[in-house]
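Chemist: Below: one structure in structure tokens.
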Amino acid sequence: MFRQVLYHSRATREMRAEDLRGLLAQARDLNQTHDVTGFLFYIERHFIQCIEGAQADIGQLVDNIRADARNTAFSILFDRDVPTRAFIDWAMGYRAFAVDDLRDEPGFHNIHRAEDLDALATAGNAVFDLMRSFYAANAGRGF
Ligand SMILES: Cc1cc2nc3c(=O)[nH]c(=O)nc-3n(C[C@H](O)[C@H](O)[C@H](O)COP(=O)(O)O)c2cc1C
């Protein structure tokens, strides 16, 4: 069994491209060491990330991210045991969106402004499905 966690948090300040690159490089490096896989969305100062791996590794990682000064208002959307990983090829997939990009996606029709994104706390499954559809289209081609 693997532990799979999806959480939502807010960036404490605007993340520039180089900040996001640095965060991702660090995450991918550490995740390779700990055999953690997953997917990170960055949507107008909101993070939504799925992380999956061994129970203890994910527990530690949740604690690390929750305490990380780069984000705040950390909230878990789901935390479950799964028999297989959803993102097995990716030490950390990544996509950045604007709210506008999401409007036509199922489950996101009521999101019109960045402030509405806090509603994602109730839309965990829609976010996860969107991550899975990106993964299905891109797995095998790297991140
Ligand atoms: C939004 C966000 C996502 C992160 N994702 C990961 C990740 O997938 N893997 C990881 O090891 N660290 C990730 N980090 C970094 C951790 O918070 C932490 O800096 C890292 O695990 C190293 O912790 P340590 O210096 O205490 O060992 C993320 C941080 C933020 C703000």
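Chemist: Would you tally the residues in the range 21-44 being closer than 27 Å to Asp118 by Cβ and surrounded by fewer than 16 Cβ atoms within 10 Å (Cβ to Cβ)?
Modeler: 3
Chemist: Restricting the search to the range 92-143, which residues are in contact with a Gly (Cβ under 9 Å, 6 or more places away or on another chain) and in a helix (DSSP H, G or I)?
Modeler: Asn125, Ala126, Val127, Asp129, Leu130, Met131, Phe134, Tyr135, Asn138
Chemist: Quick one: in the range 25-44, which of the residues that are touching a Phe, Trp or Tyr at 6+ places or on another chain (Cβ under 7 Å), more than 8 Å from the ligand (Cβ to nearest atom) and at pLDDT 95 or above is nearest to Arg103 (Cα to Cα)? Outline the logic, then answer.
Modeler: Step one: of the range 25-44, the residues touching a Phe, Trp or Tyr at 6+ places or on another chain (Cβ under 7 Å) are 37-41, 43.
From what's left, more than 8 Å from the ligand (Cβ to nearest atom): 37, 39, 41, 43.
Among the residues that remain, those that are also at pLDDT 95 or above are: 37, 39, 41.
Values: Thr37: 27, Phe39: 20, Phe41: 15 Å.
Applying the filter and picking the extreme gives Phe41.
Chemist: Looking only at the range 93-101, decide whether some residue is touching a helix residue (DSSP H, G or I) at 6+ places or on another chain (Cβ under 7 Å), at pLDDT below 95, buried (at least 16 other Cβ atoms within 10 Å of the Cβ) and over 17 Å from Tyr7 (Cβ atoms).
Modeler: yes
Chemist: Sticking with this one: Out of (1) within 24 Å of Asp116 (Cα to Cα); (2) part of a strand (DSSP E or B), what's the single condition that is false for Glu52?
Modeler: It is condition (1) that Glu52 fails.
Chemist: Then there is this: Name the one entry in Gln49, Gln55 that is over 19 Å from Ala126 (Cβ atoms) and either at pLDDT 95 or above or within 8 Å of the ligand (Cβ to nearest atom) (or both).
Modeler: Values: Gln49 fails: over 19 Å from Ala126 (Cβ atoms).
Sole residue among the options that is over 19 Å from Ala126 (Cβ atoms) and either at pLDDT 95 or above or within 8 Å of the ligand (Cβ to nearest atom) (or both): Gln55.
The values are calculated or read from the model by the stated rules, or taken from the named source; none is laboratory data. Keep in mind it's a predicted model, so treat the numbers as computed, not measured. We place every Cβ from the backbone using ideal geometry, glycine too, and count neighbours over all the protein chains shown.
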